[in-house]
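*Asks:* The structure that follows is given in the form of structure tokens.
Every read-out reported here was derived from the displayed coordinates using simple, explicitly stated rules and does not represent laboratory data. This is a predicted model, so every value here is computed, not measured. As a convention, Cβ positions derive from the backbone with ideal geometry for all residues, glycine included, and neighbour counts pool all protein chains shown.
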């Protein structure tokens, strides 16, 4: 298992997870014991996702706080797509290029795992 990074805001990650689970904002609000307006504000990054919300999201749907807060998720990466940093120090330009390649690979893997979502 490798870790990937999803470059979205907290609210966008919450929206993405909710849609992936097939939930409406109303359904998620009911599960969290809040109203739909609060879910809408959290998804729009206008209201914070509280520790209580994070705990409920994990317990009920297994949505990790690492994912919601930091965009870190476990993903399967085929061995041929694993990139190893060379032993020498990379320039900022080289590092940016490698990071962009990794982001594109993660996006492709996520799309491949969830067609039509």
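*Asks:* What distance in nm separates the simple spin-label points at residue 9 and residue 40, each placed 7 Å from Cα in the Cβ direction?
*Replies:* The answer from the label model is 1.6 nm.
*Asks:* Under 1.5 on a/c is rounded, so check that first for the range 1-75, then, if it is not, pick prolate when a/b is larger than b/c and oblate when it is not; a ≥ b ≥ c are the square roots of the alpha carbon gyration tensor eigenvalues.
*Replies:* prolate
*Asks:* So how much slack lies between residue 98 and residue 19, counting 0.36 nm per residue of separation and subtracting their Cα-Cα distance, in nm?
*Replies:* Contour length minus the Cα-Cα distance gives 25.4 nm.
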